Each structure stands twice: as structure tokens, then as C-alpha cells.
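Here is the structure we will look at, set down as C-alpha cells.
The values are calculated or read from the model by the stated rules, or taken from the named source; none is laboratory data. Being a predicted model, the structure only gives us computed values, none of them experimental. Because the Cβ atoms are built from the backbone with ideal geometry, glycine has one as well, and the counts that use them run over all protein chains shown. What goes into the accessible areas is simple: the full protein's heavy atoms, side chains included, and nothing from ligands, DNA or RNA. Shrake-Rupley method; radii C 1.70, N 1.55, O 1.52, S 1.80 Å.
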Amino acid sequence: MERIFINQLKNYLGQEVLLKGWVDTRRDHGKLVFIDLRDKTGVVQVVFIPHSSVYEQAKELRGEWVVAVQGKVNKRPEGMENPKIETGNLEIEATDLTILNQSQTLPISIDTEGYEIGEEHRLKYRYLDLRRLRLQKNLRKRHEVILFMRNFLTNKGFVEIETPILTKSTPEGARDYVVPSRLYHGKFYALPQSPQQYKQLLMVAGFERYFQIARCFRDEDTRGDRQPEFTQLDLEMSFPTEEEVLNLIEDLYTKIVETLFPEKTITFKPFVRLNYQEVIEKYHNDKPDLRKDKNNPNELAFAFVVNFPMFEWKETEKRWDAVHHPFTKAQNPQNLSEEEFIKYLENNPDKVLAHQYDLVCNGYELGGGSIREHNPRILQKVFEIMGNKPEEIREKFGHILEAFEYGVPPHGGIATGIDRLMMILMNEPSIRETIAFPKTGDGRDLMMNAPSEIDKTQLKELGIEIKNKGQN
Ligand code: ASP
């Protein structure tokens, strides 16, 4: 007999079916044995009647054992329905039972929301923690959101392209994670802080519209609710205006909410556009919570912050740095010629604004992007203003400057965080509740026990010697 899922049972009333799953709970009621059987689609009550061939075996069952149950789908007797579950008016009268696997008593309970359990415990046993209904819902919804993004962008002519994970440093304002090369001792790959340069090079390559559900890696000191690796919807377009990028994101986010989260309301339609300077003056931070009712988790106050400064002064390093990243296009409101503009940039790094925008929602930054500088001479000047010497520029960015000599289209894009979006949409207190296998706030994977040491032969092959073990 072919296995069916619990959410299909309503179509099988009066028929014999085969179900497979986990024993959610077991109850003995007088002579009858009841279990709630759970699969990925729900829970249903199974009853084992005395003297049936499976009764004695059913008495052995314990929570989380894995079973196959064959039985007849009956309507529950009147008054015995359970309105709390979807199959509450049905029960399975078991005719056959196979125990596929047993389970030890679980080290954490999984029948609650789980917030009351210490996170160290939950993360150590994440594969069990994930059996919890709340986390099942979070990850399944996350899948729906990502699928929606993929379909939406595909329909708009975007193509999904994977970019390398083993690559070279690309500046996004954080430290790189590095991977030593075995073949070239003393050389290192960097894990991408974002696919920024690759997506721009895909515009040089003529794809015009790219997206990726991209993993990004940033080695930052623990700062709030962040993860060393996180997922962004990353996209890039050729020939867009700033408004075209913003409208695309606005349309996508509005449709995600309206289709998948109909219980939520969007405060501003269209999303408001706010000037960075005014936002700072009024709210003293660049990601204000603009909800009319700050206690309403179902209100979504999306807004775009625009007109960021291009550079900020880094006192510790005594140099100008890009507020976003150096590939951002500086605004040239007076339409200065290339030569005049390069001079202007050099003399007024404190005054220049950028074609940069952030998407914010309910006090969180959900993402950011910009129109890019595609003129290699201006881009070169930006690198110089940031304190790079000519040979450093050649070494770090020579490839992109050269690429921009071969017919680069004007381009721009954005990247928005998926973990944080899901946190807000699922009303969760942390992004760790929306990621299957998150790391702790201090960057450890407690289940796999990473980071961990590697053996001596591996170190030798890599040409690496460890000094001051355990210290940084
Ligand atoms: N690469 C940028 C980031 O990760 C986004 C972008 O400019 O498109 O923040």
C-alpha cells in the first residue's frame, strides 16, 4: 500500500490507509491504547483496540518512536472531536503496526514553543529542536518566501546565478573569513562578504538582471543579533534608475506580505522615502521604527532611507571610508564634467552624497544597495580617497577597473537580508529562530562543535603552524 500523509486523510474516510511518522504522544485509556501520530503535515489520533493483532505491540510504543501504521479512517464518535487539530474529527483504527525505529527519551522537550529552554541546549540538539512545530513553521514559511522571490524575479526577467564562495576579499566593512590554500602556501581565499563584485561583473557580462539567494560571511565582533554567515536576496540590474530598484523591491515585499502573511498590514503604500540627514536629525538613528502602533507586531512600516553621505571619516584609521562600499556612485547634482567631478570628490569627501538606499522596517535595517560607479576613472579616485595606494588599488581592484574599460553598462542593485525579514514576519525575537542551524551569538556551532582544531597532517599540508593556541 502506498503511504499517504496525514493532511490527506479527509479524502479517505471509511478507507484503509498506510501512514508513517513519529509517536507524538501515547495514552492508555482503560483498555484502549491511543497514540497521536505525527508526520510533516500534521497529527492524527490512532486507536488500538484490545484483542486486535497490534494491541500488545502498541502498548510498547513510546514518544518519538518511528512507526508505520495501517488502519481504517473513521469519523470520531460524537462529542469526542478535538477542534484544536485539523484531523480532530477523524481517528485511525489500527489494523497493522510496524516499529521502524525506537527513540531514547529526548534531552529537550519539543511539544512547547521552546523559548523556556536554554539556547545552548536547543542548539546542541538542533535536529530535535527543529521537530518543534514553531520551528517547522518558520522554516517552511521561509521556503515559501524564498520560492516567492525566485518566481517573482524570474517573471521579471532575472536569472539566478551562483557566484564563488572561495574568492578574494570584497569590502563590506567587516573582516573576512579566510581559507588557507593547500597548493599555494601562504595564500588565502576569502569567503565573500557579499557577491558584490561578481554581480557587477555579471552586468559587464551582459546578463542585465541577476539575482541570487546568497550566503554572505562577515567576521564581525559580536554585535547584537547577528550571524557570521547569513542569507541575502542579492540582485543587480543594468540601466536602472534608483527609483526602479526601489519600486521593484517595494512591489516584491508588498506581494510577499499580501500573499503569504495576509494578517499583516503595511503602514505606508507606497513605502515612504526618507532623507538620511532628516532621519538622523529626527530619530537619531538610520533605521527608525515608523509603526503607528509600536506594540503591534502585525504592522509593517517599510521605508527607504535615501541620500546617504558617500564617505565617513574613520578616526581610528585616520582616513575616509565608504559609508556603504566603494562601488557606490557619488551624486553629481551639478552635472560636472568627469574631470571637474573627480576634483570635486577629492576636495569635498565630507559633502558628497551617494546614490545609496536602505530598506528599513520596524526599527531594523532589512537591506541596502546603490547605483554603482561604472566610470573606472571616478572609481579609481574613490579608492584613492579611501587611502589606497596605486599599487594596492591595482592588486585589490585591478580586475574590476579593467572590466569597466570594456563596455560596462550603468548598473545598480540591492541586497536584502532574508533571516531578519523572516524574524519580523514570523514575530520572532531573534534571527536564530528562522535559520535551520544557526551559530551562537559568539560564533559557535554547538551541534557540530565548530570551530574546532584540525589535525597536524592537515596543518602541515597547509603550511600552517599554530602559535598561542586558544588565544586571539
Ligand atoms: N553588497 C551590498 C551588501 O551586501 C548590497 C548591494 O550594494 O547591493 O550590503
Single residue of ILE424, ILE385, ILE393, ILE378 found to be open to solvent by less than 20 Å² (accessible area, probe 1.4 Å), over 17 Å from the mean Cα position of the chain (by Cα), aliphatic (A, V, I, L, M) and over 23 Å from GLU244 (Cβ atoms) = ILE393
Does LEU201 fit the bill of being within 16 Å of the ligand (Cβ to nearest atom), outside any loop (DSSP other than H, G, I, E, B) and within 26 Å of HIS411 (Cα to Cα)?
-> yes
Kindly indicate whether THR457 is at pLDDT 95 or above and more than 16 Å from the ligand (Cβ to nearest atom).
-> yes
Filter result (touching a His at 6+ places or on another chain (Cβ under 8 Å) and either under 13 Å from ASN375 (Cβ atoms) or within 14 Å of the ligand (Cβ to nearest atom) (or both)) within the stretch 314-336 | THR328, LYS329, ALA330
If you scan the stretch 122-135, which residues turn out to be outside any loop (DSSP other than H, G, I, E, B) and surrounded by 15 or more Cβ atoms within 10 Å (Cβ to Cβ)?
-> ARG122, LEU123, LYS124, ARG126, LEU128, ASP129, LEU133, ARG134, LEU135
Does the stretch 48-63 include one or more residues that are in a strand (DSSP E or B), modelled with pLDDT of 95 or more and either in contact with a Lys or Arg (Cβ under 8 Å, 6 or more places away or on another chain) or of a type outside the set (Asp, Glu) (or both)?
-> yes
Looking only at the stretch 286-305, decide whether some residue is in contact (Cβ under 8 Å) with a residue 60 or more places away in the chain and more than 30 Å from ASN427 (Cβ to Cβ).
-> no
Selection status of LEU345, within 16 Å of the ligand (Cβ to nearest atom), open to solvent by less than 10 Å² (accessible area, probe 1.4 Å) and either in a strand (DSSP E or B) or of a type outside the set (Asp, Glu) (or both) | no
When restricted to ARG218, ARG209, ARG273, the only residue closer than 20 Å to LYS329 by Cα and surrounded by 18 or more Cβ atoms within 10 Å (Cβ to Cβ) is ARG209
By residue number, the members of the stretch 297-313 that are more than 16 Å from the ligand (Cβ to nearest atom), at pLDDT 95 or above and open to solvent by 40 Å² or more (accessible area, probe 1.4 Å) are ASN298, TRP313
Can you tell me which residue among GLU113, GLU81, GLU91 is charged (D, E, K, R) and either under 16 Å from PHE437 (Cα atoms) or surrounded by 16 or more Cβ atoms within 10 Å (Cβ to Cβ) (or both)?
-> GLU91
Among the residues of the stretch 355-373, write down those that are within 20 Å of GLU250 (Cβ to Cβ), within 12 Å of the ligand (Cβ to nearest atom) and in a strand (DSSP E or B).
-> GLN356, TYR357, ASP358, LEU359, GLU365, LEU366, GLY367, GLY368, GLY369, SER370, ILE371
Could you check ARG432 against (1) open to solvent by less than 70 Å² (accessible area, probe 1.4 Å); (2) of a type in the set (D, E, K, R); (3) in a loop (DSSP other than H, G, I, E, B) and say which number it fails?
-> (3)
Could you tell me whether the stretch 280-288 includes any residue that is away from the ligand (no atom under 16 Å from the Cβ), basic (Lys, Arg), farther than 30 Å from ASN388 by Cβ and within 25 Å of the chain's Cα centre (by Cα)?
-> no
